[in-house]
Amino acid sequence: ALVMVLSMTACGGGRTEAPETKPADSNNEVANGGFEEGAVIGVSLPWLGTQNWKEAEEMFKTELEAAGFKPLIQAADNKVPQQQQQIESMIQNGAKVIVVGPIDGTQLGAVLEQAKAEGIYVIGYDRLLENTTGVDGVVQFGSVKTGELQAQALLDGLKEMKGEGPWNIELFGGGPADPNAPNFFKGAMSVLQPLIDDGTLTVVSGQMDFTQCATMDWDNSKAQARMDSLLSGFYADKEIHGVLSPNDGIARAIITSCEQAGQEIPAISGLDAENETIEWIWAGRQYSTVAKPTDALVAQTIEIIKSLQAGNGMPATDVIVNNGKIDVAVYELPPVVVTKDNAKEVFANDPGRMALLAD
Ligand code: BGC
């Protein structure tokens, strides 16, 4: 069929150039032969509300420029129409690749399919792009694995800090539009549910569905308000021993709520290894976090962009995830639990975070 189309084009338009070759593993129909070295690369971020996204903004700018590209980076303040418009403007500005951390994994289908129709490569960054054919691959830390590590760290913290069980805990999830959030929760529940069933853990509020535990827009103040009402409603005469938290900002909000209610600080999980949390971990105020280093994720993304630029298509990967419409190649990096015990090891090559671990 391809030969027919090409020969028809040659007859009709008098074109004689050799056709570009299409990489076998790419979902891209047009931009298949690489592109110029100084090309515009769009990066669309969901918001800058947590440290990882601010780091991504800075690192993409520095490293795309260092690699000779022209970065066009925008963040969308958690507003879906704003993110759609920003991606449209990247298309109009001639971007050859658009890297997207979606606010809502399911709401960008049309604009991403438009990008694909223009021959632009689309790479999901940190979050899956769902329900669209407009995606070539996704770069992220294992999201179910992240949840498993959060739950395991919570259990370790309970054992270290709260003596013998059974333990009273509460569960928090992230923003429901973010495809990571239900996966973090699912991974965590695969570890916690058997211990809830055998009575080792009691979720005193009884709130155990993701929808009951989710935190709209990853908003720390909403998590703090929910924790305040859980403590006043269910813990007036009980101690809370542990809390599953989906990220560091929410963990700090929960810890603050517990302190204000006169509770001992609970064992808690987190995510992102934010600077403020590293200080809290070092001071013994937050038990754990999960590191998912932004520099590694950005480096992996730029490696893919370079492969596309050189006309080598998407690199091979073993992880394939169905996004509701197509199978998507996922480039998955391993998240790592951090507690006071291993912080110096984990951050040995991160001078910024090491500086927060002064004796
Ligand atoms: C990211 C986390 C971040 C959260 C809120 C998630 O998708 O993986 O690193 O804390 O969004 O911004």
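None of the figures in this text is laboratory data; all of them are computed from the coordinates on show. Please read these numbers as outputs of a predicted model, since none were measured by experiment. All Cβ positions, glycine included, derive from the backbone under ideal geometry; neighbour counts span all protein chains shown.
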Check: Under 13 Å from the Cα of Lys306, which aspartates and glutamates turn up, not counting those fewer than eight places away in the same chain?
Finding: Glu36, Glu37, Glu63, Glu65
Next item on the list: Would you compute, from DSSP H runs of 4+ residues alone, the mean residue ellipticity of the chain at 222 nm, taking -39500 (n - 2.57) per run and dividing by the full residue count, rounded to the nearest 500?
Entry: -13000 deg cm²/dmol
Item checked: Highest-fluctuation residue, Gly119, Gly313, Gly206 considered, GNM on the chain with Cα pairs under 10 Å -> Gly206
Next item on the list: Below 24 Å Cα-Cα, how many Lys pairs turn up in segment 97-235? Only count pairs eight or more apart in sequence, or on different chains, if you could.
Entry: 4
Item checked: Percentage relative contact order, segment 189-334, counting C-alpha pairs under 8 Å, at least six apart -> 14 percent
Check: Between Lys238 and Glu276, what length in nm is gained on full extension when 0.36 nm per residue of separation is reduced by their alpha carbon distance?
Finding: 10.8 nm
Next item on the list: Taking 7 Å along the Cα-to-C-beta vector as the label spot, tell me the Thr133-Met216 distance in nanometres, rounded to one decimal.
Entry: 3.6 nm
Next item on the list: Enumerate the calculated ³J(HN,Hα) couplings along segment 328-335 in order (Karplus 6.51 cos²θ - 1.76 cosθ + 1.60, θ = phi - 60°), each rounded to whole Hz, writing x wherever the residue is Gly or Pro.
Entry: 10, 6, 10, 9, 9, 9, x, x
Check: What full-extension length gain, to one decimal in nm, is calculated for Asp359 and Val319 as 0.36 nm per residue of separation minus the Cα-Cα distance?
Finding: 10.3 nm
Note to self: Going by Cα centres, segment 233-303 and segment 321-359 are how many Å apart?
What the structure shows: 15 Å
Note to self: Distance between the C-alpha centers of segment 191-228 and segment 92-141? Whole Å please.
What the structure shows: 32 Å
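Expressed in whole Å with the largest first, what are the equivalent ellipsoid semi-axes of segment 62-122 derived from the C-alpha gyration tensor as the square root of 5 times each eigenvalue?
Numbers: eigenvalues 76, 42, 17 Å².
Largest first, segment 62-122 gives 19, 14, 9 Å.
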Item checked: Ascending count of other beta-carbon atoms within 10 Å, so fewest first, for Trp218, Trp282 -> Trp282, Trp218
